[in-house]
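Heads up: the structure comes next, in structure tokens.
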There are 2 protein chains.
Amino acid sequence: MTDATRTARPLRRDAERNRQRIIEAAREVFAARGVAATLDDVARQAGVGIGTVYRRFPTKEALLEVALEEKLREQVRVAEAALEAPTGWDGLTMFLRAAVRMQAADRGLRDLALGAELSLTLYDRIRERVEPPITALVERAQSEKSLRPDITVHDVPLLLMMVTEIAHHSHQVRPDLHDRYLQLLIDGLRRSESAGALGRPPSSDDVDAVAKAWLPSAAARR
Amino acid sequence: MTDATRTARPLRRDAERNRQRIIEAAREVFAARGVAATLDDVARQAGVGIGTVYRRFPTKEALLEVALEEKLREQVRVAEAALEAPTGWDGLTMFLRAAVRMQAADRGLRDLALGAELSLTLYDRIRERVEPPITALVERAQSEKSLRPDITVHDVPLLLMMVTEIAHHSHQVRPDLHDRYLQLLIDGLRRSESAGALGRPPSSDDVDAVAKAWLPSAAARR
DNA sequence: AGCAACCGGAGGTGGGTGCTCAACTTATCC
DNA sequence: GGATAAGTTGAGCACCCACCTCCGGTTGCT
């Protein structure tokens, strides 16, 4: 019953230093290039050999998890904090803006938020803590007659995908450009008599399928 | 001064038949996989050898141009037809819906419309015939007080990119899903007192830069 | 029949990725 | 100040994919 990580002897000092360097480098590299970045990239950025990276982190997934766990938790915190907003509409738009800001600044975070090759247990743990607050906000905003009634929680990931996609392609040229289109979408979310019909909303499975098809690895595969 | 294509002797019958097969196959393959599709894919689909494709079309670009020229012209026609609409708003939304419908059904068309590796002369010829009608529609819809005033022509390509991106990733699962988000954006385009500020619009150069970064080849390169 | 035109597709070329391992270096402990 | 385990390194292997060439064999045309 002894926990493996607890009984493990501490790393030698140079090894521990390299481990930190690798994590730091991973944060930068994954932020810039997303989960598609190679561990060679990380090693070069960290100033260590590739072998060192592989010794410390058996898979890219393991490194991703360590490098981005904190930011993933932050996303949960943002969703929960949005519940404190005075209105459902404020909370929902606050969450959208915060999530876009974070994911626009870190492509790896965005890839993970879409469900990319993360340890499923951690991913599910995050997702199951983000969905309930957002569901609550959507319902509250609809009962307050500010959010249009034909929107569901499952639209939220799709909105984020669209906007962060713009963000990543325009980041070099106009790092703020995506805000323009997020605002346009937010204005489209407002209840209004002039709004057109939206058609059938995505199911939870639809969202998963789209996210999977959107990920870099899927694109490379076909 | 003799035109090379005019003085060229006609192809042998089997060669002409294969040429047509290749063009037909190219239309299917590029529609499904976009400009990233390989000429090997096209050859397999056409039931001919790769060598045959390369003899007939020295580069992928040449084949793309022949395979998609008609659809590109159709895009121009759609833009011009939108001018006939009763109001600027109707014309603009008609154009958006038509452009999205066509580009969602043909990924290659979408890639070319974004400016992917097409012979520059043809590309510019298309663009310079699409922009004026859209500019006119935007201005008309704004003077009619239906389109919000902080939108410019250069927003149109970005809107198309976002929506067609969703279209391509959701096509397998829910071929109509992108319409939902196009409608949301269209509702966001309507003039309204509750609309938020949009920030600085993209310049023409910004659009080019974003489109370039969005293309499959650019993603592979870095 | 004879010959130019045409076809096919194996394979050369060039690029990239994920990962290993044997030779070397360094921290730590007595 | 050794002895030793722990750590490091990066060339190199295995693999995959895309573009394109080349030439022995085939086919349509006159």
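Could you check how many residues of region B:15-35 are among the small types (G, A, S), away from DNA strand C (no atom under 14 Å from the Cβ) and farther than 11 Å from B:A67 by Cα? Write out each step before concluding.
First pass over region B:15-35, keeping only residues among the small types (G, A, S): B:15, B:25-26, B:31-32, B:34.
Filter again for away from DNA strand C (no atom under 14 Å from the Cβ), leaving B:26, B:31-32, B:34.
With farther than 11 Å from B:A67 by Cα added as a condition, the list becomes B:32, B:34.
Of the residues in region B:15-35, 2 are among the small types (G, A, S), away from DNA strand C (no atom under 14 Å from the Cβ) and farther than 11 Å from B:A67 by Cα.
Looking at region B:17-33, which of its residues are within 13 Å of B:G108 (Cβ to Cβ) and among the aliphatic types (A, V, I, L, M)? Spell out the reasoning first.
Of the residues in region B:17-33, the ones within 13 Å of B:G108 (Cβ to Cβ) are B:23, B:25-33.
Once the filter is applied, which keeps residues that are within 13 Å of B:G108 (Cβ to Cβ) and among the aliphatic types (A, V, I, L, M), region B:17-33 yields B:I23, B:A25, B:A26, B:V29, B:A31, B:A32.
How many of the residues making up region A:185-198 are open to solvent by 30 Å² or more (accessible area, probe 1.4 Å) and in a loop (DSSP other than H, G, I, E, B)? Explain how you work it out, then say what you get.
Within region A:185-198, the subset open to solvent by 30 Å² or more (accessible area, probe 1.4 Å) is A:190-195, A:197.
Next cut, in a loop (DSSP other than H, G, I, E, B) only: A:191-195, A:197.
Adding up the residues that qualify gives 6.
With A:L182, A:L177 as the choices, which residue is surrounded by 21 or more Cβ atoms within 10 Å (Cβ to Cβ), without any contact (Cβ under 8 Å) to a residue 40 or more places away in the chain and either more than 16 Å from DNA strand C (Cβ to nearest atom) or not assigned by TED's automatic domain parsing to the domain that holds A:R101 (or both)? Show your work before the answer.
Details: A:L182 fails: without any contact (Cβ under 8 Å) to a residue 40 or more places away in the chain.
Testing whether each residue is surrounded by 21 or more Cβ atoms within 10 Å (Cβ to Cβ), without any contact (Cβ under 8 Å) to a residue 40 or more places away in the chain and either more than 16 Å from DNA strand C (Cβ to nearest atom) or not assigned by TED's automatic domain parsing to the domain that holds A:R101 (or both) leaves just A:L177.
Only one of these conditions is not met by A:I50: (1) within 15 Å of DNA strand D (Cβ to nearest atom); (2) within 14 Å of chain B (Cβ to nearest Cβ). Which number is it?
(2)
Would you say B:P133 is over 21 Å from A:S192 (Cβ atoms), touching an Asp or Glu at 6+ places or on another chain (Cβ under 6 Å) and open to solvent by less than 50 Å² (accessible area, probe 1.4 Å)? Walk me through how you get there before you give the answer.
Details: over 21 Å from A:S192 (Cβ atoms): yes; touching an Asp or Glu at 6+ places or on another chain (Cβ under 6 Å): yes; open to solvent by less than 50 Å² (accessible area, probe 1.4 Å): yes.
Considered against the rule, which asks whether it is over 21 Å from A:S192 (Cβ atoms), touching an Asp or Glu at 6+ places or on another chain (Cβ under 6 Å) and open to solvent by less than 50 Å² (accessible area, probe 1.4 Å), B:P133 comes out as yes.
Please find, among A:V130, A:V100, the residue that is under 13 Å from the mean Cα position of the chain (by Cα), part of a helix (DSSP H, G or I) and farther than 24 Å from A:R33 by Cα. Please lay out each step first, then the result.
Values: A:V100 fails: farther than 24 Å from A:R33 by Cα.
Of the residues listed, the single one that is under 13 Å from the mean Cα position of the chain (by Cα), part of a helix (DSSP H, G or I) and farther than 24 Å from A:R33 by Cα is A:V130.
Taking A:K60 as the residue in question, decide whether it is within 14 Å of chain B (Cβ to nearest Cβ), farther than 25 Å from A:D205 by Cα and either surrounded by fewer than 22 Cβ atoms within 10 Å (Cβ to Cβ) or within 16 Å of DNA strand C (Cβ to nearest atom) (or both). It would help to see each step written out before you state the result.
Working: within 14 Å of chain B (Cβ to nearest Cβ): no; farther than 25 Å from A:D205 by Cα: yes; either surrounded by fewer than 22 Cβ atoms within 10 Å (Cβ to Cβ) or within 16 Å of DNA strand C (Cβ to nearest atom) (or both): yes.
Taking the combined requirement at face value, the residue does not satisfy it.
With the requirement that a residue be within 16 Å of the chain's Cα centre (by Cα) and hydroxyl-bearing (S, T, Y), what does region A:133-144 give you?
Hits for region A:133-144: nothing passes.
Just checking, does region B:199-209 include any residue being more than 11 Å from chain A (Cβ to nearest Cβ) and either in a helix (DSSP H, G or I) or open to solvent by less than 30 Å² (accessible area, probe 1.4 Å) (or both)?
The first filter runs over region B:199-209 and keeps only residues more than 11 Å from chain A (Cβ to nearest Cβ), leaving B:204.
Among the residues that remain, those that are also either in a helix (DSSP H, G or I) or open to solvent by less than 30 Å² (accessible area, probe 1.4 Å) (or both) are: B:204.
The answer is yes, given that some residue of region B:199-209 is more than 11 Å from chain A (Cβ to nearest Cβ) and either in a helix (DSSP H, G or I) or open to solvent by less than 30 Å² (accessible area, probe 1.4 Å) (or both).
Residues in region A:28-75 that are within 22 Å of A:R127 (Cβ to Cβ) and in a helix (DSSP H, G or I): how many?
Keep residues of region A:28-75 that are within 22 Å of A:R127 (Cβ to Cβ), which gives A:30-31, A:34-36, A:59-75.
Subsequent filtering for residues that are in a helix (DSSP H, G or I) retains A:30-31, A:34-36, A:60-75.
Looking only at that region, the number is 21.
Can you tell me how many residues within region A:30-57 are free of Cβ contacts under 8 Å to residues at least 24 places away in the same chain and out of contact with any Leu (no Cβ under 9 Å at 6 or more places or on another chain)?
Within region A:30-57, the subset free of Cβ contacts under 8 Å to residues at least 24 places away in the same chain is A:38, A:40-45, A:49-51, A:54-55.
Those left that are additionally out of contact with any Leu (no Cβ under 9 Å at 6 or more places or on another chain): A:38, A:40-41, A:43-45, A:49, A:51, A:55.
Summing the residues that are free of Cβ contacts under 8 Å to residues at least 24 places away in the same chain and out of contact with any Leu (no Cβ under 9 Å at 6 or more places or on another chain) in region A:30-57 gives 9.
Condition test on B:V156, is it of a type in the set (V, I, T), open to solvent by less than 10 Å² (accessible area, probe 1.4 Å) and more than 7 Å from every other protein chain (Cβ to nearest Cβ)? So that I can check it myself, show each step before the final result.
Working: of a type in the set (V, I, T): yes; open to solvent by less than 10 Å² (accessible area, probe 1.4 Å): no; more than 7 Å from every other protein chain (Cβ to nearest Cβ): yes.
Judged against the criteria, B:V156 is not a match.
Would you be able to say whether some residue in region A:142-151 is open to solvent by 10 Å² or more (accessible area, probe 1.4 Å), basic (K, R) and over 16 Å from B:R200 (Cα atoms)?
Yes.
Quick check on region B:21-30. Is at least one of its residues open to solvent by 50 Å² or more (accessible area, probe 1.4 Å) and within 11 Å of DNA strand D (Cβ to nearest atom)?
Step one: list which residues in region B:21-30 are open to solvent by 50 Å² or more (accessible area, probe 1.4 Å), which gives B:21, B:24, B:27-28.
Next cut, within 11 Å of DNA strand D (Cβ to nearest atom) only: none.
Scanning region B:21-30, I find no residue that is open to solvent by 50 Å² or more (accessible area, probe 1.4 Å) and within 11 Å of DNA strand D (Cβ to nearest atom), so the answer is no.
So which of B:L96, B:L68 ends up being touching a residue at least 60 places away in the same chain (Cβ under 8 Å) and either buried (at least 17 other Cβ atoms within 10 Å of the Cβ) or acidic (D, E) (or both)?
Details: B:L68 fails: touching a residue at least 60 places away in the same chain (Cβ under 8 Å).
Of the residues listed, the single one that is touching a residue at least 60 places away in the same chain (Cβ under 8 Å) and either buried (at least 17 other Cβ atoms within 10 Å of the Cβ) or acidic (D, E) (or both) is B:L96.
The values are calculated or read from the model by the stated rules, or taken from the named source; none is laboratory data. Computed from a prediction, not measured in an experiment: that's the story for all the values here. Cβ coordinates were reconstructed from backbone atoms using ideal geometry, including for glycine residues, and neighbour counts include every protein chain displayed. Side chains included, ligands, DNA and RNA excluded: accessible areas come from the protein's heavy atoms. Shrake-Rupley method; radii C 1.70, N 1.55, O 1.52, S 1.80 Å.
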